[in-house]
Amino acid sequence: MHEWGLVETLLRRAEEKASEHGATAVRRLTVSIGELAGVEPDLFEAAWLEFRAGTLCANAALEVRSVVAEWECPDCKAIVAAGGALRCAACRKPLRLRAGGEILLERMELEVP
Amino acid sequence: MCEVCGCGDPEIVAVEVRESLLEGNDRRAAHNREHFGRHGIVAVNLMGSPGSGKTAVLEATAKAMGGLRLGAITADLATERDAERLRAAGIPSHAITTGSACHLDAALVHRALHEFPVADLDLLFIENVGNLVCPAIYDLGQAANVVALSVTEGEDKPLKYPVMFRRADLVLVTKTDLLPHLPNVSLAAIEEALGKVMPAPATIPVSAATGAGIPRWIEWIERRRREQDGRSRME
């Protein structure tokens, strides 16, 4: 349900960015959502359709890119898939999440008159 | 206007943003963290399912912890029951009722700090809304994330909620006094499941009912305090 709050933030930031560029509308938005970000893309998109009315994003397309979780050893930089213990088999170090935790507004396409 | 042919169509401008949608929250969390650090307070964000035993652990902690000044901010959708229980256990507490919000965020905690001065505390527990999903993604400014996981929730709970357990610095496996009644639950299996979702798994089995494990938990808190003290002296 926190997807609603995140979409509100997305719309606010998108409108701010659009005004910075003197845009009259947003044509397209690209958002990346990591597998371990705790965000459900379907709920996110449903909230988007609900909340965008009356904003500069009212007719904008939303592209949601899913990012697969990728763990890495902080020492030897080996990439390890999830499923086993989150520890480097060679260095015995706890792994670090390299990708898959993000909720990012990546890019926007604006209509500038 | 389109400058290629002057047709009057708006120009399409692509803007690279690369901005986290949690940036505003993270900024407010950093502000809270600075406030806690300045007053030498260790803030613990205590999360877990509804009924996992968060409040009971804090009651047991108050009973066993000598010397430190404790405080708590509790969050539930409705009622101040948890805060009332903690006050009765001797922990000054402030309730945040979130209405229908399923988690705390840094702004809610910040607002609570205006109504509930914490400057004189050594240790602040922030008992989050009972929920294994949403609270995990919001930084509150805490020094540590602690997740309460009761033995009755099943060994595979960590595998079902990896987002929460990934962010835990410590998992308190609660209600261990019930283990004799649960032939299919073993601490080893819970720890094995945690190893698959927590990069540096750390668990302390506790029972609020018998007090078992509570001294180890208090030791863990004391260690966090010493680490935070050491860091602030170095700065």
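All of the numbers you see were taken from the coordinates with simple rules; none came from a lab. Just so we're clear, the structure is a prediction, and the values are computed from it rather than from any experiment. Using ideal geometry, Cβ is built from the backbone for each residue, glycine included, and neighbour counts are taken over all protein chains shown.
Worth a mention:
- Tensor-based shape of the range B:42-131 (alpha-carbon gyration tensor, a/c under 1.5 rounded, otherwise prolate or oblate): oblate
- Length-normalised contact order of the range B:137-235 in % [C-alpha pairs under 8 Å, at least 6 apart]: 26 percent
- Helical contribution to [θ] at 222 nm, DSSP H n ≥ 4, -39,500 (n - 2.57), averaged over the protein assembly as shown, rounded to 500: -10000 deg cm²/dmol
- Less than 5 angstrom separates the built amide H of B:HIS94 from those of B:ALA72, B:ILE73, B:THR74, all sequence-distant by 5 or more or on a different chain.
- Think of each Lys and Arg Cβ as +1 and each Asp and Glu Cβ as -1; about the Cα centre, that makes the dipole of the range B:39-234 roughly 280 debye.
- As a length-normalised measure over Cα pairs under 8 Å and 6 or more apart, the relative contact order of chain B settles at 23 percent.
- Amide proton proximity set for A:ARG107, modelled H, under 5 Å, gap of 5+: A:THR30, B:VAL17, B:ARG18
- Per-residue Cβ neighbour counts within 10 Å put A:ARG87, B:ARG69, B:ARG18 in the sequence B:ARG18, B:ARG69, A:ARG87, beginning with the fewest.
- Max mean-square fluctuation residue, GNM over chain B, Cα-Cα springs under 10 Å, options B:LEU77, B:LEU149, B:LEU86: B:LEU77
- 28 Å Cα-Cα reach of B:LYS63 towards lysines, excluding residues that sit fewer than 8 places from it in its own chain: B:LYS54, B:LYS175
- Förster radius 22 Å - calculated FRET efficiency between B:VAL133 and B:ASP156, Cβ distance, rounded to 0.05: 0.85
- Using C-alpha pairs below 8 Å separated by at least 6 residues, the relative contact order for the range B:1-101 is 17 percent.
- A simple rule links phi to the HN-Hα coupling: the Karplus curve 6.51 cos²θ - 1.76 cosθ + 1.60 with θ = phi - 60°, which for the range B:55-61 gives 5, 4, 4, 5, 4, 5, 5 Hz, with x for Gly and Pro.
- Lys, Arg +1 and Asp, Glu -1 on Cβ, resulting dipole of chain A about Cα centre, debye, nearest 20: 580 debye
- The ranking of A:PHE51, A:PHE44 from fewest to most other beta carbons within 10 Å of each one's beta carbon is A:PHE51, A:PHE44.
- Residues whose amide H lies under 5 Å from that of A:ARG98, counting only those 5 or more places away or on a different chain, are A:GLU70, A:TRP71, A:GLU72; hydrogens are built 1.01 Å from N in the peptide plane.
- In the protein assembly as shown, taking the dipole from charged Cβ atoms about the Cα centre, the farthest positive-side position among A:VAL31, B:LEU159, A:LEU104 is held by B:LEU159.
- Ranking of A:LEU10, B:LEU70 by count of other Cβ atoms within 10 Å, fewest first: B:LEU70, A:LEU10
- Partners of A:LYS93 within straight-line reach, counting lysines whose Cα lies under 19 Å from its Cα and excluding those fewer than 8 residues away in the same chain: A:LYS77, B:LYS196.
- Here the range B:171-217 and the range B:28-89 have alpha carbon centers that stand 20 Å from each other.
- For chain B: rounded, prolate or oblate by the Cα gyration tensor [a/c cutoff 1.5]: prolate
- Label reach from B:CYS5 (point 7 Å along Cα→C-beta): in the range A:79-113, amide nitrogens under 19 Å belong to A:112-113.
- Centroid-to-centroid separation of the range B:147-164 and the range A:43-113 [C-alpha atoms, Å]: 23 Å
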